[in-house]
1. Name every residue in segment 122-137 that is in a helix (DSSP H, G or I), within 12 Å of the ligand (Cβ to nearest atom) and over 11 Å from Ala158 (Cβ atoms), in order of residue number.
2. Could you check segment 174-189 and list, in sequence order, the residues that are under 17 Å from the mean Cα position of the chain (by Cα) and outside any loop (DSSP other than H, G, I, E, B)?
3. Could you please let me know if Glu101 is assigned to a helix (DSSP H, G or I) and either touching a Ser or Thr at 6+ places or on another chain (Cβ under 6 Å) or more than 9 Å from the ligand (Cβ to nearest atom) (or both)?
4. Which members of segment 121-137 meet the condition of being of a type in the set (Val, Ile, Thr) and over 20 Å from Leu204 (Cα atoms)?
5. Only one residue in Gly154, Gly118, Gly125, Gly104 is modelled with pLDDT under 95 and either under 22 Å from Asp176 (Cβ atoms) or surrounded by fewer than 22 Cβ atoms within 10 Å (Cβ to Cβ) (or both), so which one is that?
6. Could you list, ordered by first residue, the pairs with Cβ atoms under 7 Å in which the first is in segment 82-110 and free of Cβ contacts under 8 Å to residues at least 24 places away in the same chain and the second is in a helix (DSSP H, G or I), at least 6 apart or interchain?
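The values are calculated or read from the model by the stated rules, or taken from the named source; none is laboratory data. Just so we're clear, the structure is a prediction, and the values are computed from it rather than from any experiment. Please note: Cβ atoms are built from the backbone with ideal geometry, for glycine as well, and neighbour counts cover all protein chains shown.
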Amino acid sequence: MGKMIVDPEEYFRKLVRGRDELLLTLEREAAAEGIPIVGPLVGQLLGLLVRAAGARQVLELGTAGGYSAIFLARALRQTGGRLLTLEWNPGMADRARTNLEQAGLNEVSEVRIGDALGIIKTLEGPYDLIFIDIDKENYLPALGDCARLLRPGGLLVADNIGFRGADGFNRALFLDQGWLSVSLWSFLPEHSPEHDGLLLALRL
Ligand SMILES: C[S@@+](CC[C@H](N)C(=O)[O-])C[C@H]1O[C@@H](n2cnc3c(N)ncnc32)[C@H](O)[C@@H]1O
């Protein structure tokens, strides 16, 4: 008999915490429309990281309908912080605003419309945590501004680093002495896709 849990994917799928009706509705919409959201496990991880880090200024690149933003903003309500989230699709940004309002998170969040790569050049920071979830080819071009905007000790979280488009970004972080990073290849229940990589990197 092996030491490991039998059928770990089924087992860990059952250990994902429940969500409220708003989040469940957004999950159903995302599945129906093919919107690649982080899903409940990574959403809860984002909230946990915000709270563990005591983060107050948080930046998200890639809002879609605001699913991950709700997890971030809920945690920021606990820490007394604020979320700025960037989305270039105006229809999606509108939906995110509506969803954040429905979650009662208007006062702790702002959805800004535009190309995240351009907007981050205009920001000053410092940020305590940046979550990056835009087109994977644009992770590497965004990295310099993320480094500039994060305070020392701030946390960069990147979704979907198992995508080929993230290769340059993964390698750059691995080699850069200005970051302490871990790349996790994981099973992420209800994430899109369920087998993918997540990167956590501390700004030194
Ligand atoms: C993977 S989805 C974000 C999902 C969201 N973080 C969630 O989990 O609920 C990526 C989103 O980023 C947007 N996007 C992609 N590249 C962008 C860019 N350069 N600037 C702004 N938004 C971008 C897309 O329109 C899409 O809505």
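1. Within segment 122-137, the first condition is being in a helix (DSSP H, G or I), and the residues that meet it are 122, 136-137.
Retained after the next criterion (residues that are within 12 Å of the ligand (Cβ to nearest atom)): 136-137.
Answer for segment 122-137, where residues must be in a helix (DSSP H, G or I), within 12 Å of the ligand (Cβ to nearest atom) and over 11 Å from Ala158 (Cβ atoms): just Glu137.
2. Narrowing segment 174-189 to residues under 17 Å from the mean Cα position of the chain (by Cα): 181-189.
Across segment 174-189, the qualifying residues are Ser181, Val182, Ser183, Leu184, Trp185, Ser186, Phe187.
3. Working: assigned to a helix (DSSP H, G or I): yes; either touching a Ser or Thr at 6+ places or on another chain (Cβ under 6 Å) or more than 9 Å from the ligand (Cβ to nearest atom) (or both): yes.
Judged against the criteria, Glu101 is a match.
4. As a first pass, look at segment 121-137 and keep what is of a type in the set (Val, Ile, Thr): 122, 130, 132, 134.
Thr122, Ile134, listed by residue number.
5. Gly125
6. Hits for this filter: Asn106/Leu100.
Residue-by-condition table, conditions (1) within 12 Å of the ligand (Cβ to nearest atom); (2) closer than 21 Å to His195 by Cα:
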position	(1), (2)
Met4	no, yes
Pro8	no, yes
Val16	no, yes
Ala30	yes, yes
Gly34	yes, yes
Val38	yes, yes
Gly43	yes, yes
Leu46	yes, yes
Gly54	no, no
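To keep it simple, each residue is scored yes or no on (1) within 25 Å of Lys121 (Cα to Cα); (2) in contact with a helix residue (DSSP H, G or I) (Cβ under 7 Å, 6 or more places away or on another chain).
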site	(1), (2)
Leu24	no, no
Ala30	no, yes
Glu33	no, no
Leu45	no, no
Val50	yes, yes
Gln57	yes, no
Gly66	yes, yes
Leu72	yes, yes
Arg77	no, yes
